[in-house]
1. Filter segment 162-178 for residues that are loosely packed, with under 13 Cβ neighbours inside 10 Å and either charged (D, E, K, R) or closer than 29 Å to LEU10 by Cα (or both) and give the result.
2. Give the residue that is farthest from LYS172 (Cα to Cα), with candidates limited to residues of segment 89-145 that are in contact with a Cys (Cβ under 9 Å, 6 or more places away or on another chain) and of a type in the set (Val, Ile, Thr).
3. Determine if segment 13-36 includes at least one residue that is among the β-branched types (Val, Ile, Thr) and at pLDDT 85 or above.
4. Tell me which of these GLY40 doesn't satisfy, since it passes every other one: (1) at positive phi; (2) small (Gly, Ala, Ser); (3) surrounded by 12 or more Cβ atoms within 10 Å (Cβ to Cβ).
5. For segment 95-134, name all the residues that are over 14 Å from SER182 (Cα atoms), of a type outside the set (Val, Ile, Thr) and in contact with a helix residue (DSSP H, G or I) (Cβ under 8 Å, 6 or more places away or on another chain).
6. Answer yes if at least one residue in segment 27-34 is over 33 Å from the mean Cα position of the chain (by Cα) and farther than 19 Å from GLN59 by Cβ, and no otherwise.
7. Among the residues of segment 44-74 satisfying the criterion of being loosely packed, with under 14 Cβ neighbours inside 10 Å and over 27 Å from ILE33 (Cα atoms), which is modelled with the lowest pLDDT?
8. Only one of PHE120, PHE140, PHE103 is in contact (Cβ under 8 Å) with a residue 24 or more places away in the chain and assigned to a helix (DSSP H, G or I). Can you tell me which?
Amino acid sequence: MNKNEFLQDLRKNLSGLPQGEVDERISFYEEMIDDRVEEGLTEEEAIEAVGPVNTIVLQTIADTPLTKIVKERVSPKRRMKAWEIILIVLGSPLWLSLLIAAFAVLLAIYVTMWSFVICFWSIFISFIAGAVGGIAGGVFLCCTGNVTQGLLFVSAGLLLTGLSVYTFYGCKAATKMMAEFSAGIVLRIKRWFVRKEED
């Protein structure tokens, strides 16, 4: 694959993005290939060093804000005809209510998933508070002469300290997993808007 074929393929795969973004990426990679050719590589070697088109496209989509992509895809490319506007208005009670319902269900599922993560962190904070309270209360009881109860409280505090360490790693893993899931959702939405329309 030579430079022109590579850039044409890249432009075709970036066609759903805003035109300014596409032009910026094309000129960036064109300059990168030219620099590598000047360093002594052949065009094919320079293109291989740049990486595959699919990887570049995915990275570009990930870097482009969702609002820019949606604005580019949703803005009409032509004026709507009167009959199209009438159909949209007449059908709006049906399609708009279905769209709102679907959005509400998806949002509820997403919020529920994050609420589990928040519950895990609440448990972690409870363990920490119980550990501090147990150890402090145990020391106080030992100082006032209730050694048996004091040792029991200190033991419970140490147990909660150990549980809080394990809980912390679980909370951290759950938060990371949900953050990656959220980033994946945003990337899928972007890719859905950018995908090429079938002719």
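1. Of everything in segment 162-178, just one residue is loosely packed, with under 13 Cβ neighbours inside 10 Å and either charged (D, E, K, R) or closer than 29 Å to LEU10 by Cα (or both), namely LYS176.
2. Taking the candidates together, the pick is ILE123.
3. First pass over segment 13-36, keeping only residues among the β-branched types (Val, Ile, Thr): 22, 26, 33.
Restricting the remaining residues to those that are at pLDDT 85 or above gives 26, 33.
Yes, segment 13-36 contains at least one residue that is among the β-branched types (Val, Ile, Thr) and at pLDDT 85 or above.
4. GLY40 satisfies every listed condition except (3).
5. PHE116, PHE120, TRP121, PHE124, PHE127, GLY130, ALA131, GLY133, GLY134, listed by residue number.
6. yes
7. VAL74
8. Numbers: PHE140 fails: in contact (Cβ under 8 Å) with a residue 24 or more places away in the chain; PHE103 fails: in contact (Cβ under 8 Å) with a residue 24 or more places away in the chain.
Answer to the check: PHE120.
The values are calculated or read from the model by the stated rules, or taken from the named source; none is laboratory data. Just so it is clear, the structure is predicted and the values come from calculations on it, not from any experiment. Please note: Cβ atoms are built from the backbone with ideal geometry, for glycine as well, and neighbour counts cover all protein chains shown.
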